[in-house]
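A short reminder: the numbers here are calculations on the coordinates, not readings from a lab. These figures come from a predicted structure and were not determined experimentally. All Cβ positions, even for glycine, are placed from backbone atoms using ideal geometry, and neighbour counts span all protein chains on display.
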Amino acid sequence: MKLIEVKALKKYFPVKKTAFARHEWLKAVDGVDFSLEKDRVFALVGESGCGKSTVARLLLRLIEPTEGEITFKGENIFKLKGQRLKAFRRAVQIVFQDPFASLNPRRTVYDTISEPMKIHKIAKGSELKDRVVELLRKVGLQDVLNRYPHEFSGGQRQRICIARALSVSPEVIVADEPLSALDVSIQAQILNLLMDLKQQSGISFIFISHDLKVVEYFSDEVAVMYLGKIVEYARTEDIFRQPYHPYTEILLNSTPGIKPGTKRRQILSAEVPSPIDIPPGCPFHPRCPKRFSPCDRIVPELEGSGGRLVACHLRTG
Ligand SMILES: Nc1ncnc2c1ncn2[C@@H]1O[C@H](COP(=O)(O)OP(=O)(O)OP(=O)(O)O)[C@@H](O)[C@H]1O
Ligand SMILES: [Mg+2]
């Protein structure tokens, strides 16, 4: 069953005036399609600035799209109102990168975790307290109800954020770089916690990361984004066994510990072009070691079969 479907999604931000026009458009998300199946983990990967967090904010309906739609269980989330919107706000939760910034420093752990349950009228009184204690146990914390965020380490704070997301029994968690603010040793612990939740709780995940090793371990499907577009989409095992897009190949080859096919370490040359001034043709062509004649003129479509899609002239000719 498809829980979430993203269709032709675009988000353009207006940026400062120029001499010739009132403003230009920064194409943060530029025509993205994907879906999340129940009990699955769908990963979005790509370099900084390619639009991952913008997709996350659209998925949570924190911002409105320029074009396109997102459906949750068949309903366009941008048209939801009243009780239906409230049910959606409960069903889809987010865990952010920085667990400190997403916790209110003046609120105790109990306040933080009980609040969503109060808002959604899930429990009150002693039942509410029991549920908070149980949620904390689930994420590996004990006897912390009256403590404040500053008393915890980064990993513990992320556990609190995860407990808060779990408190309303969500169907989907959007995790936007949930490990990248943490020490490497702590990352593995939080990742194991997420793995347990994936296996035991029936929650489906949209997992955003630039760390491909984590994605390989945790996700079922991967979409690789580049300058607001998906350039490759495949089952995780397929993409790690054989990447089709030169960009994916370089991303994999530049990740320590992952060796798809070639042994040579490749590093991405030059900076990502600005999303205000996206190159013509294939947006990756200025950095692509395999570019040939059509690449700087014709935009490659995302094409393929059997759930394996790639936007590259090398593949689609
Ligand atoms: N509110 C905004 N106004 C203008 N530009 C924005 C806004 N939000 C994001 N952007 C721009 O949109 C592009 C995509 O940003 P986004 O945060 O989605 O990238 P990201 O893939 O999450 O990057 P990172 O890996 O660094 O988190 C960037 O160029 C960013 O500067
Ligand atoms: Mg981001």
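Worth a mention:
- For the chain, the longest principal axis of the C-alpha atoms and the axis of helix 184-200 are separated by about 80°.
- In degrees, nearest ten, helix 82-91 long axis to first principal axis of the chain (Cα): 80
- Sequence-distant contacts, meaning Cα pairs under 8 Å at least 6 residues apart, place the relative contact order of the chain at 19 percent.
- In order through the stretch 129-140: 3J(HN,Hα) via Karplus (6.51 cos²θ - 1.76 cosθ + 1.60), integer Hz, x for Gly, Pro: 4, 4, 5, 4, 4, 5, 5, 5, 4, 4, 9, x
- Distant-in-sequence amide H partners of Tyr226 (H built 1.01 Å from N, under 5 Å): Val231
- Bridges between two residues of the chain, per DSSP, are antiparallel at a rate of about 60%.
- Amide proton proximity set for Val95, modelled H, under 5 Å, gap of 5+: Val174, Ala175, Asp176
- For the stretch 268-314: relative contact order, % (alpha-carbon pairs under 8 angstrom, 6 or more apart): 28
- Report note on the peptides 244-250, 233-239: ranked by the mean count of other C-beta atoms within 10 Å, highest first, their order is 244-250, 233-239.
- Centroid-to-centroid separation of the stretch 113-152 and the stretch 1-79 [C-alpha atoms, Å]: 32
- Relative to the dominant Cα principal axis of the chain, helix 109-119 is inclined by about 80°.
- Cα gyration tensor, the chain - rounded (a/c under 1.5), prolate or oblate: prolate
- Low-density loop positions, trypsin sites (Lys or Arg not before Pro), the stretch 114-197 - DSSP coil, at most 12 other Cβ in 10 Å: Lys121, Lys124
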